[in-house]
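Data first, discussion second: the structure below is written as structure tokens.
Read the figures in this text as sums done on the coordinates, not as results from a lab. This structure is a prediction, so every number in the text was calculated from the model and none was measured.
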């Protein structure tokens, strides 16, 4: 999609993109550059951050459970570690 920049530096975001990103009239957006491109996106909300932290905690819990299972399986196969002293 192409848009022409007005004399005042304004552009209109196409309706399809606004709907896709759930951006409505009066909403704030974050605008920044990355690798020579202009990025426009909805700001990160506290709910977004909380969801990300919960997702990360779930991944860490699953990893811990997996490693605990692997450790128990190794103990069952190998027995106790001998005393090397």
### Query
How high is the relative contact order of the chain, given as a whole-number percent (alpha carbon pairs under 8 Å, six or more residues apart)?
13
### Query
If you build a Gaussian network model of the chain, linking Cα atoms that sit under 10 Å apart, which residue out of 58, 27, 75 swings the most?
75
### Message
Would the range 22-66 count as rounded, prolate or oblate if I go by the C-alpha gyration tensor, calling it rounded below 1.5 in a/c and otherwise prolate when a/b exceeds b/c, oblate otherwise?
### Response
oblate
#### Entry: Most mobile listed residue (29, 70, 40) in the chain, GNM with C-alpha springs under 10 Å
70
### Message
Assuming 0.36 nm per residue, please report the length gained on full extension of the stretch residue 60 to residue 74 beyond their Cα-Cα distance.
### Response
3.0 nm
### Summary
The Kirkwood hydrodynamic radius of the chain, taken as the inverse of the mean 1/r over all distinct Cα pairs, in Å, comes to 18.3
### Task
With everything on Cα atoms, drop me the angle between helix 46-78 and the longest principal axis of the chain, reported from 0 to 90° to the nearest 10.
20
